[in-house]
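What follows is one structure encoded as structure tokens, with my remarks underneath.
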Ligand SMILES: Nc1nc2c(ncn2[C@@H]2O[C@H](COP(=O)(O)OP(=O)(O)OP(=O)(O)O)[C@@H](O)[C@H]2O)c(=O)[nH]1
Ligand SMILES: [Mg+2]
């Protein structure tokens with residue numbers, strides 16, 4: 001839709017792992033579209049979030065945390081993050097005040113200096129950081145040569161209105177790219193798979209490494225229309241991981257299923273019967289076909 005005086009624009013959200021990029025996109029669009037955990041490298045794909053107001057639309061691209069790739073999946077994640085920064089109105093570079101600005105951040109800032117898009121640096125987690133930590137972050141960012149800086153809390157919402165106000169200045173006259181009721185371009189089955197991955201990562205914390213992938217095999221609404229059957233598979237890399245995910249007497253898997261089901265029901269607005277299978281696929285993170293099947297595609 002093209003309306004006179006209507007403004008729009010794209011913003012990519014980039015930064016190191018675990019700084020709060022996905023928490024920020026959820027906050028900006030006012031809905032949970034990206035999963036969040038306290039583990040690094042949670043986000044694997046580019047996630048589009050849409051914020052529509054009467055006079056403008058902002059489109060945000062959440063990306064995987066930038067880090068040195070160690071597998072095909074890692075390379076893919078890195079490419080997603082780099083590509084997303086191309087041709088956006090501005091790049092939102094997020095740093096974690098609790099970790100100061102580390103060497104890794106400095107590396108990314110050097111890369112961003114060469115991007116064509118302007119860079120806005122967001123010092124996140126200001127709710128939990130000390131004044132000294134905030135001052136330290138500001139100083140390092142200034143040293144790197146960036147002057148548009150805002151302290152925010154993606155978690156609490158501190159300064160998010162101010163951020164939106166700031167971003168308005170970067171919009172240009174343009175179409176409303178997405179319908180007003182659309183918050184993300186991710187298909188429902190992808191979000192469902194992500195919810196299951198989030199619960200698995202959250203509940204198993206350190207017991208299993210990152211090598212899990214989740215695929216939705218089938219989603220079917222019962223004819224009465226009041227119940228959706230969802231079949232999902234969790235892929236892990238070792239037989240021992242399978243045991244951990246299932247847990248004693250199936251307890252862990254049951255918990256993962258119950259928590260994921262609640263989120264999925266909320267998302268779909270219908271009661272859900274969720275069935276989860278666990279399969280061992282060694283080294284799936286390095287198999288292109290497996291990556292494609294799970295939706296990590298290069299298009
Ligand atoms: N105190 C505080 N914690 C936050 C804030 N924003 C995010 N977090 C926490 O930081 C952790 C990482 O958040 P994510 O949003 O998953 O971080 P990310 O940058 O998307 O991480 P990757 O996808 O792994 O790159 C989670 O435990 C969040 O709850 C914030 O403003 N304040
Ligand atoms: Mg993320």
Exercise. Is it the case that residue 115 is surrounded by fewer than 22 Cβ atoms within 10 Å (Cβ to Cβ), away from ligand 2 (no atom under 16 Å from the Cβ), modelled with pLDDT of 95 or more and farther than 27 Å from residue 212 by Cα?
Worked result: no
Exercise. Consider residue 233 against the criteria (1) surrounded by fewer than 20 Cβ atoms within 10 Å (Cβ to Cβ); (2) under 30 Å from residue 11 (Cα atoms); (3) outside the structural domain of residue 48 (by TED's automatic domain parsing): it satisfies all of them except one. Which criterion is unmet?
Worked result: (2)
Seminar exercise, completed: The one condition residue 103 fails out of (1) within 15 Å of ligand 2 (Cβ to nearest atom); (2) surrounded by fewer than 18 Cβ atoms within 10 Å (Cβ to Cβ) is (1)
Problem set entry | Among the candidates 147, 127, 161, residue that is on the phi < 0 side of the Ramachandran plot and in contact (Cβ under 8 Å) with a residue 12 or more places away in the chain | 127
For this session: Being over 21 Å from residue 231 (Cβ atoms) and either in the same structural domain as residue 218 (by TED's automatic domain parsing) or free of Cβ contacts under 8 Å to residues at least 12 places away in the same chain (or both) is the filter here, so list the residues in segment 279-299 that pass it.
Result: 282, 283, 285, 286, 287, 288, 297, 299
Problem set entry | Scope segment 219-239; condition assigned to a strand (DSSP E or B) and over 19 Å from residue 253 (Cα atoms); matching residues | 219, 220, 221, 227, 228
For this session: Tell me which residues, restricted to segment 10-31, are more than 9 Å from ligand 2 (Cβ to nearest atom) and surrounded by fewer than 20 Cβ atoms within 10 Å (Cβ to Cβ).
Result: 30, 31
For this session: Would you tally the residues in segment 39-59 being within 16 Å of ligand 2 (Cβ to nearest atom) and in contact with a helix residue (DSSP H, G or I) (Cβ under 8 Å, 6 or more places away or on another chain)?
Result: 9
Problem set entry | Matching residues, segment 60-85, being touching a residue at least 60 places away in the same chain (Cβ under 8 Å) and part of a loop (DSSP other than H, G, I, E, B) | 71, 85
For this session: Evaluate segment 61-72: report whether one residue or more is surrounded by fewer than 23 Cβ atoms within 10 Å (Cβ to Cβ) and either more than 16 Å from ligand 1 (Cβ to nearest atom) or not assigned by TED's automatic domain parsing to the domain that holds residue 135 (or both).
Result: yes
For this session: Would you check if there is a residue in segment 187-205 being surrounded by fewer than 16 Cβ atoms within 10 Å (Cβ to Cβ) and either at pLDDT 95 or above or closer than 25 Å to residue 9 by Cβ (or both)?
Result: yes
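The values are calculated or read from the model by the stated rules, or taken from the named source; none is laboratory data. Fair warning: this is a prediction, and the values are worked out from it, not measured in the lab. Neighbour counts are summed over all protein chains in view; Cβ atoms, including those assigned to glycine, are modelled from backbone coordinates with ideal geometry.
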